[in-house]
Number of protein chains: 2
Amino acid sequence: MAVGPCESTEGSPVKRASGRSHCPINFGLEAFGDPWSLLVVRDIVYFGKRTFAEFLASEEAIAPSVLAARLERMTTAGILRRSPDLADRRRVRYDLTERGLALIPVLVELAEWGATTDPATGAPADWIALVRADKAGMVARYTEAVREGRSVFVGDDSVAARVAAARAATG
Amino acid sequence: MAVGPCESTEGSPVKRASGRSHCPINFGLEAFGDPWSLLVVRDIVYFGKRTFAEFLASEEAIAPSVLAARLERMTTAGILRRSPDLADRRRVRYDLTERGLALIPVLVELAEWGATTDPATGAPADWIALVRADKAGMVARYTEAVREGRSVFVGDDSVAARVAAARAATG
DNA sequence: TCCGCTCACTACGATCATGAAAGTGATCTC
DNA sequence: GAGATCACTTTCATGATCGTAGTGAGCGGA
């Protein structure tokens, strides 16, 4: 019987098509384990960005060649879906697929680690507390929002805006 | 008021010592956002590895120079603690600090994403189900185990062994 | 229709990181 | 003392990244 998720495949009848192992952690790292990929996912989830130029404008200043490479890799990995904008045919939209939406729990844990660890974090303490108090609920809200084309922080119908409105109504 | 965790720091009195931004996600990615760092953490948490040679022997075949660089970076980041082995002075132990233990939730989510996404995953389905059913509980078990020098999968007193024993006793 | 602008990239050269293999010195075992 | 083991280091070819400057398609206003 399997002793763990990353046991060797030596001697296994299953041939490895590509990649270093069938460990699920390694699988994830091969798909988005670099310093840039998850920033694109973050931009979509938290800030509602969708286009090349918007990703490029992020504070962390990714180079266009690197951004193009990451978008292509994540599209190939089934995390992103590329679609032309019919209204403005210069534009291309990148949306998260269901597989991409499934990265939201990873993103939330990563954000919590960073916020807890970085003494100079830019994350607001009250929001961190909110997420910590009801992680599953917040992940569900995030996921629903992004699926509907909204975002966590940007826009009148963002998750943050709705939470603020609910608080105001309750008192 | 802060609109989100990654707002620009332009014009802020806070000077950025290093790094691309104060976004907590970016902070995490700068500390361990590469294809190798989390594999070392995985080796510690899931397999109870602690030494250079053990990390080097992993299926994914990291190069020694890269491993040395990652260990140093994670030690500097406060994720790992480096300590000489008093019994065998050739050996050096790498243990997770509390900050490193706090990465376990990230690792668990990453593993779940990989296991769900990879059709040829090496992760056993029953274990994935177990983690999904009680994520917070399993993270607590993992953390306690690693803190005590045990691991998730390897050893007589691993988390998996204890779960199996509890199951056998209950029925 | 022309002009300038925006869009999603691509091209390029310098610099940086990685991969593979071999080597080093300290230390342990026999 | 010989040989193995340990944690690295070195070297070098190859590949990735950074920063900047295009490029061509498409839009919007005059």
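Miscellaneous remarks
- Residue list for the stretch B:43-66, restricted to those being within 11 Å of DNA strand D (Cβ to nearest atom) and more than 11 Å from every other protein chain (Cβ to nearest Cβ): B:Lys49, B:Arg50, B:Thr51, B:Phe52, B:Ala53, B:Glu54, B:Phe55, B:Leu56, B:Ala63, B:Pro64, B:Ser65, B:Val66
- Residue check for B:Pro105: within 23 Å of A:Gly100 (Cβ to Cβ) and not charged (D, E, K, R): yes
- Test: residue in the stretch B:87-97 that is under 18 Å from B:Gly28 (Cβ atoms), assigned to a loop (DSSP other than H, G, I, E, B) and within 14 Å of the chain's Cα centre (by Cα): yes
- Scan of the stretch A:126-169 for residues that are closer than 14 Å to A:Leu107 by Cα and loosely packed, with under 15 Cβ neighbours inside 10 Å, ordered by number: A:Arg132, A:Ala136, A:Ala140
- Some residue of the stretch A:104-118 being loosely packed, with under 12 Cβ neighbours inside 10 Å, within 13 Å of chain B (Cβ to nearest Cβ) and either without any contact (Cβ under 8 Å) to a residue 60 or more places away in the chain or in contact with a Gly (Cβ under 8 Å, 6 or more places away or on another chain) (or both): no
- Selection within the stretch A:111-132 - hydrophobic (A, V, I, L, M, F, W, C) and out of contact with any Leu (no Cβ under 7 Å at 6 or more places or on another chain): A:Ala111, A:Ala115, A:Ala120, A:Ala123, A:Ala125, A:Trp127, A:Ile128, A:Ala129, A:Leu130, A:Val131
- Scanning the stretch A:81-99 for residues that are more than 15 Å from DNA strand D (Cβ to nearest atom) and either free of Cβ contacts under 8 Å to residues at least 24 places away in the same chain or facing chain B (nearest Cβ under 10 Å) (or both) yields A:Arg81, A:Arg82, A:Thr97, A:Glu98, A:Arg99.
- Residue in the stretch A:124-141 that is under 23 Å from A:Met74 (Cα atoms), assigned to a helix (DSSP H, G or I) and at pLDDT 95 or above present: yes
- Filter result (without any contact (Cβ under 8 Å) to a residue 24 or more places away in the chain, of a type outside the set (A, V, I, L, M) and in a helix (DSSP H, G or I)) within the stretch A:26-54: A:Asn26, A:Phe27, A:Glu30, A:Asp43, A:Glu54
- Flag for A:Gly48 being within 16 Å of DNA strand C (Cβ to nearest atom) and on the phi > 0 side of the Ramachandran plot: yes
- Residue check for B:Ala69: within 12 Å of DNA strand D (Cβ to nearest atom), without any contact (Cβ under 8 Å) to a residue 40 or more places away in the chain and not hydroxyl-bearing (Ser, Thr, Tyr): yes
- Residue selected from the stretch B:23-35 under the condition in contact with a Lys or Arg (Cβ under 8 Å, 6 or more places away or on another chain) and surrounded by fewer than 22 Cβ atoms within 10 Å (Cβ to Cβ), by the criterion farthest from B:Thr97 (Cα to Cα): B:Asp34
The values are calculated or read from the model by the stated rules, or taken from the named source; none is laboratory data. Everything numeric in this text was worked out from a predicted model, so none of it was measured. Using ideal geometry, Cβ is built from the backbone for each residue, glycine included, and neighbour counts are taken over all protein chains shown.
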